[in-house]
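All remarks here apply to the structure that follows.
Nothing in this text is a laboratory measurement; each read-out follows from the coordinates by a stated rule. For clarity, every value in this text was computed on a predicted model and none was experimentally measured. Positions of Cβ are generated from backbone atoms using ideal geometry, with glycine treated the same way; all protein chains shown enter the neighbour counts.
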Amino acid sequence: MYEIQDWQHIFKLDPAKEISDSDLERICESGTDAIIIGGTDNVTLENVLDIMSRVRRYPVPCVLEISNLESAIPGFDHYLIPSVLNSDNVHFHNGMLHEAIKQMGHMMDYDLFSMEGYIVLNPDSKVAQLTDSKTDLDKEDIVAYAEMIEHLYRLKAMYIEYSGTYGEVHMVKAAKDKLINTRLIYGGGIDSLQKAQEMFNVADTIVVGNVIYTDIESALQTVKVRG
Ligand code: 1GP
């Protein structure tokens, strides 16, 4: 249940954004496989704790995608650690993780953590700007990252992140074609069942974020991709 391998559809909630109790209930009871709590800006201990305790009212798995050390708190079913492989800044490859293990390694249950090999592709996204990601990649670049993640890093997941914009299907497919054991997660700009289906035809898991806050009905429609 808490394993990435089992997830087809995920809703990602941004702790810095407001969501009503009734919308949250609909999201948590939608039949999605998991709720990821994660964001780029203004992610604090207080807002992560708040959204975690609200999601906890429902039986859906609740997972933290770690954005900073301050907000990495106990109580989640699982923890995802993004390693942004196309960032020019080593902090976003393993620097934050190194610091986390120095501070908290003695009490970490490593079975609860999975690393994601992140490739950030929307140059205008906050995450690309924060992480100094090199986003002008072509198909060969993506294929090389997929092979690196699958065969050398051997990570459970490769995450193609177009946060805020709908991505290029052929880029996602190029990565997927190289993956065997590593799961391909796609996120970015899914705001309809049609886009959800198109990306789900290529990726193993789709992540739906922003549309939760702009058009909850369309967000809920996307869960229909689940088999
Ligand atoms: C963001 O990949 C997720 O980290 C989802 O993207 O917010 O654009 O849906 P959107």
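Each Lys or Arg adds one and each Asp or Glu subtracts one; over the other residues with Cβ under 14 Å from the Cβ of Glu116, this totals -1. Legend: Rg and Dmax of the stretch 125-227, from Cα coordinates, 13.8, 41 Å. Shape class for the stretch 65-173: prolate, because the ratio a/c of the largest to smallest gyration tensor axis (alpha-carbon atoms, square roots of eigenvalues) is 1.5 or more and a/b beats b/c.
With neighbour counts taken as other beta-carbon atoms within 10 Å, the residues Arg54, Arg183, Arg154 rank, fewest first, as Arg154, Arg54, Arg183. Length available on full extension from Ile73 to Asp136: 0.36 nm per residue minus the Cα-Cα distance, which gives 19.2 nm.
The mean sequence separation of alpha-carbon pairs under 8 Å and at least six residues apart, normalised by the residue count of the stretch 85-190, gives a relative contact order of 27 percent. Ranked by how many other Cβ atoms sit within 10 Å of their own Cβ, fewest first, the residues Met107, Met52, Met148, Met158 fall in the order Met107, Met148, Met52, Met158. Would you mind checking Lys12/Lys195; Lys12/Lys176; Lys134/Lys156; Lys102/Lys156; Lys195/Lys224 for any pair whose Cα atoms are more than 19 angstrom apart? Check vs 19 Å cut-off fails for Lys12/Lys176; Lys134/Lys156; Lys102/Lys156.
Hey, what did the chain get for relative contact order, percent, Cα under 8 Å, at least 6 apart?
In percent, rounded to a whole number, it is 19.
With R₀ fixed at 30 Å, the C-beta to C-beta distance from His106 to Arg57 puts the FRET efficiency at about 0.45.
Exposure proxy for Ser163, Ser218: other Cβ atoms within 10 Å of each Cβ, ordered fewest to most, give Ser218, Ser163. Near Glu150, once Lys and Arg are set to +1 and Asp and Glu to -1 for all other residues with Cβ below 12 Å from its Cβ, the sum equals +3.
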